[in-house]
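A short write-up of the structure that comes next.
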Amino acid sequence: MKNLVRNLLTLVAIFVALQIQCQPGSTRMEDLLQFVDSHAMQSSAYTTAPGENSLVTSDAGIIIGQLDSFYYYRVENGKRSYWTEKTIIINDTIFHRFSDLHELGFQILVYSAKTGKLLKVQDQAGRTGTAYHFKMDGRLDSITSGSGTTLRVEYDDNREYWRAGDGQLLTYQEFDAAGHITQLCNFRGLATDGSEWRQLNYFWEKGQFIKSQTYRVKNGVSKPRSENIFERDKNGLLRSVQVFEFNSRDQKFQVNGFGGSVKYKSAKNSEGQYVITRTYEGSPVTYTFDHRGNWVSIVGKVVEEHRVLFYVDK
């Protein structure tokens with residue numbers, strides 16, 4: 001159950017991130033900058049290993065052209081952790097085999113090449129550890145583990161309820177008319193009767209994510225915990241972040257040492273690749289894109305991610 005819940009929270013994190021993520025799909029610097037901005041806004045960008053959903057997307061054919069295969073690896077604190085041992089694309093299925101230095105053996109992630117959705121995770125013996133089931137309209141229906149434990153997703157207009165097999169509510173999400181997430185309530189690890197939860201509110205303006213708030217709600221009483229404000233330029237590019245917290249009297253104060261300006265530097269390297277360095281809180285992260293506008297490396301102080309994409313020549 002723990003692994004299944006962890007998968008649930010990872011999926012929720014990815015889903016939230018995808019609300020603010022776009023793939024460049026071109027080599028226009030404006031598009032590449034927007035990708036860097038939206039990718040960096042993912043709080044889970046470097047914690048959803050092995051791999052990330054941008055390896056395979058629903059628009060894979062448009063975004064990355066026709067792939068013959070790809071190779072991916074990740075470096076943490078100078079040591080390689082996750083990497084692709086083998087990728088096989090057969091008809092409508094992608095078999096993506098990951099190894100982890102911290103564990104014996106490897107995992108096989110099976111995607112649909114047509115929809116880009118993760119279908120199942122297998123161990124090296126081919127046993128399915130986690131399977132993802134989808135409705136006819138493409139929405140996630142349920143997640144099952146090898147032991148038979150199930151998580152289900154219920155939909156009610158613009159609301160989603162993520163429940164354990166016994167019906168216990170784990171996560172609640174709400175969206176606006178444009179499909180942007182506006183509220184996320186996490187009940188996991190708190191009162192089993194649903195009287196207590198952690199709540200995140202998201203605010204959007206002209207399709208841009210501009211503010212987030214976190215609360216702790218208990219027995220109907222909501223206590224604010226933190227607030228982030230994102231200031232953008234006329235093109236929607238993030239330029240600064242303000243970080244606030246609340247004291248025991250619910251008074252808001254700005255947190256020193258966090259947030260601040262966001263700076264971008266772009267250029268072309270000697271290989272003709274597009275390179276953008278984004279610096280926030282004194283930490284630069286450098287993105288490198290190939291001739292088709294697909295990222296081939298994302299390098300920060302602690303974590304590096306690298307891809308080698310092999311295209312099918314027509």
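So the values come out like this:
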| quantity | calculated |
| --- | --- |
| Where Glu231 falls short, out of the listed (1) surrounded by fewer than 15 Cβ atoms within 10 Å (Cβ to Cβ); (2) within 21 Å of the chain's Cα centre (by Cα); (3) charged (D, E, K, R) | (2) |
| The range 234-260, subset among the small types (Gly, Ala, Ser) and part of a strand (DSSP E or B), residue nearest to the chain's Cα centre (by Cα) | Ser240 |
| One residue from Lys265, Lys252 being modelled with pLDDT of 90 or more, among the basic types (Lys, Arg), under 22 Å from Arg239 (Cα atoms) and surrounded by 11 or more Cβ atoms within 10 Å (Cβ to Cβ) | Lys265 |
| Residue match in the range 261-269 (condition: within 30 Å of Val221 (Cα to Cα) and assigned to a strand (DSSP E or B)) | no |
| Enumeration of residues in the range 204-222 that are within 22 Å of Phe175 (Cα to Cα), at pLDDT 90 or above and not acidic (Asp, Glu) | Trp204, Ile210, Lys211, Ser212, Gln213, Thr214, Tyr215, Arg216, Val217, Ser222 |
| Odd one out for Arg307, checked against (1) surrounded by fewer than 17 Cβ atoms within 10 Å (Cβ to Cβ); (2) touching a residue at least 12 places away in the same chain (Cβ under 8 Å); (3) within 23 Å of the chain's Cα centre (by Cα); (4) closer than 24 Å to Asp31 by Cα | (1) |
| Pick from the range 121-133, criterion in a strand (DSSP E or B) and surrounded by fewer than 16 Cβ atoms within 10 Å (Cβ to Cβ), ranking: modelled with the lowest pLDDT | Asp123 |
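Residue-by-condition table, conditions (1) outside any strand (DSSP E or B); (2) touching a residue at least 24 places away in the same chain (Cβ under 8 Å); (3) at positive phi; (4) over 19 Å from the mean Cα position of the chain (by Cα):
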| position | (1), (2), (3), (4) |
| --- | --- |
| Asp137 | yes, no, no, yes |
| Glu160 | no, no, no, no |
| Arg163 | no, no, no, yes |
| Gly167 | yes, no, yes, yes |
| Thr171 | no, yes, no, no |
| Ala177 | yes, no, no, yes |
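The values are calculated or read from the model by the stated rules, or taken from the named source; none is laboratory data. Because the structure is predicted, anything quoted here is derived from the model rather than measured. Counting neighbours? That spans all protein chains shown, and the Cβs are built from the backbone with ideal geometry, glycine included.
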